[in-house]
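Step one of this worksheet: look at the structure below.
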Amino acid sequence: MATTEAVGRISEAGEPGELGYRSFRVGEFSFTRDEYFVYLHWPTGRHVASADAFLRALQRDVAWDFFYGIVNFDQVFGTMNHYGTVDVFAGRFNEAYRRAELDHMETLETPAIRAIFTEMLSDWTNEGFDPFASPEETGSAFGPKHGDNDAAVTRRRVLAKRMVSVPGDEELRTDDNGHPVNRMFADVAQDEPELHPEPGFEDRICGFNLFAYLSRSPVTWNPSVVAVCKDSLYCPTTEEYILPIIHGNDRVEWFVQLSDEITWEVEDRDSGAKRAKVIMRAGDVAAMPADIRHQGYSPKRSMLLVWENASPEIPALLRAGKLSNAPVAF
Ligand SMILES: [Fe+2]
């Protein structure tokens, strides 16, 4: 395997080229883009990706701060999070590249790779293209460089001051404050639950309609934490079109399909070999094992609840064989 492992590798941005885009360097990787494509070079290989798909993946990698485990942009390129350092790799989780010894990896401190990826995302995203939006709801990623969309690529999650619906929460769920119901959720009822608290508890017993809340989400494939109990995180999200990354798990993940339908392509995390196709319809629950990678296809905007165990111990316990890759043995 052709691997360079060195923490603190040089990363830098170059001058704008003929089409207005800057080039970038991360250790021995170089990144350039033209009107349609992104080009990656490393000492033993090269790769090309469509600019729109690359930017959608890059947007998640940056916004999720490299997420849990592996963010594969596609079958070749991606990042692996070690929570402090990040591996940037090509072909590392692709059996053919490994066999041909064309794979390559650079390890960087998280702030260094975060900074260069953030710059790349800003420079390569044109005015009118929002990598977080569904393709139907945004403009084109292509052409020579024109403007930017920093407002979209640096958007921050809307944060509730208190639990949603508790007095003092910011009433984020209305048309008035710029959160209209998405076109595909026009049929989602907007009524709120009826509450009958005992006298004296009126401001402490609260509830809200999660479906109505999610129907107003302006982004796709972007789980948000809505409930925390120790390491247990409930992360609902709305999905449309294709998950822009192939997520390589480093722990078991539970999926609860809240509405509509998603088809999941499930592959072996390390080789990319196909393992399963999982079709989830409203009400279905699945546990994605810790040794797979997966990509979802949602033909209509749908609601998905992702349930994560965020314990930092889990990857090491799995590596040591002290935990099973599957949460349930049948
Ligand atoms: Fe996952």
Quick one: in segment 35-57, of everything that is surrounded by fewer than 17 Cβ atoms within 10 Å (Cβ to Cβ) and under 18 Å from Phe129 (Cβ atoms), which residue is farthest from the chain's Cα centre (by Cα)? Glu35
Restricted to segment 261-285 and to residues being within 20 Å of the chain's Cα centre (by Cα) and assigned to a loop (DSSP other than H, G, I, E, B), the residue nearest to Thr238 (Cα to Cα) is Arg269
Which one of these does Tyr68 not meet: (1) surrounded by fewer than 24 Cβ atoms within 10 Å (Cβ to Cβ); (2) modelled with pLDDT of 95 or more? (2)
Would segment 127-146 turn up any residue that is in contact with a Ser or Thr (Cβ under 6 Å, 6 or more places away or on another chain) and under 23 Å from Gly84 (Cα atoms)? no
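Table: residues versus (1) over 17 Å from Val278 (Cα atoms); (2) out of contact with any His (no Cβ under 7 Å at 6 or more places or on another chain); (3) not in a helix (DSSP H, G or I).
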position	(1), (2), (3)
Ala290	no, yes, yes
His294	no, no, yes
Arg301	yes, yes, yes
Pro312	yes, yes, yes
Ala316	yes, yes, no
Phe330	yes, yes, yes
Looking for whichever is within 15 Å of the ligand (Cβ to nearest atom) and not in a strand (DSSP E or B) here; the options are Pro180, Pro193, Pro218, Pro223. Which one fits? Pro223
Can you tell me how many residues within segment 56-82 are farther than 17 Å from Arg269 by Cα and within 16 Å of the ligand (Cβ to nearest atom)? 6
Among the residues of segment 155-204, write down those that are modelled with pLDDT under 95 and aromatic (Phe, Trp, Tyr). Phe201
Of the residues that sit in segment 253-312 and are farther than 18 Å from Met80 by Cα and among the acidic types (Asp, Glu), which one is surrounded by the fewest Cβ atoms within 10 Å (Cβ to Cβ)? Asp284
Is there a residue being among the aromatic types (Phe, Trp, Tyr) and within 13 Å of the ligand (Cβ to nearest atom) anywhere in segment 301-312? yes
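What residue, of Ser224, Ser215, is over 16 Å from the mean Cα position of the chain (by Cα) and within 23 Å of Val158 (Cβ to Cβ)? Walk me through it before giving the result.
On the way: Ser224 fails: over 16 Å from the mean Cα position of the chain (by Cα).
Only one candidate passes the filter, namely Ser215.
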Would you check which residues across segment 241-260 are within 12 Å of the ligand (Cβ to nearest atom) and either outside any loop (DSSP other than H, G, I, E, B) or touching a Leu at 6+ places or on another chain (Cβ under 6 Å) (or both) and list them? Ile246, His247, Gly248, Glu253, Trp254, Phe255
Among the listed residues Ala53, Ala90, which satisfies the condition of being in contact with a strand residue (DSSP E or B) (Cβ under 6 Å, 6 or more places away or on another chain), modelled with pLDDT of 95 or more, hydrophobic (A, V, I, L, M, F, W, C) and closer than 30 Å to Ser224 by Cα? Ala90
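Each row is one residue, and each column tells you yes or no for (1) farther than 19 Å from Ala49 by Cα; (2) not hydroxyl-bearing (Ser, Thr, Tyr).
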{"site": "Met105", "(1), (2)": "no, yes"}
{"site": "Thr118", "(1), (2)": "no, no"}
{"site": "Leu121", "(1), (2)": "no, yes"}
{"site": "Ala152", "(1), (2)": "yes, yes"}
{"site": "Gly168", "(1), (2)": "yes, yes"}
Given (1) within 20 Å of Leu58 (Cα to Cα); (2) more than 12 Å from the ligand (Cβ to nearest atom); (3) under 13 Å from the mean Cα position of the chain (by Cα), where does Pro236 come up short, assuming only one miss? (1)
Can you pull out every residue in segment 189-232 that is farther than 16 Å from Val164 by Cα and touching a residue at least 60 places away in the same chain (Cβ under 8 Å)? Pro218, Val219, Thr220, Trp221, Asn222, Pro223, Asp231, Ser232
Please enumerate the residues belonging to segment 73-124 that are in a helix (DSSP H, G or I), surrounded by fewer than 20 Cβ atoms within 10 Å (Cβ to Cβ) and not β-branched (Val, Ile, Thr). Glu95, Ala96, Arg98, Arg99, Pro111, Ala112, Arg114, Ala115, Glu119, Ser122, Asp123
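The values are calculated or read from the model by the stated rules, or taken from the named source; none is laboratory data. Just so we're clear, the structure is a prediction, and the values are computed from it rather than from any experiment. Glycine also receives a Cβ, built like all others from the backbone with ideal geometry; neighbour counts cover every protein chain displayed.
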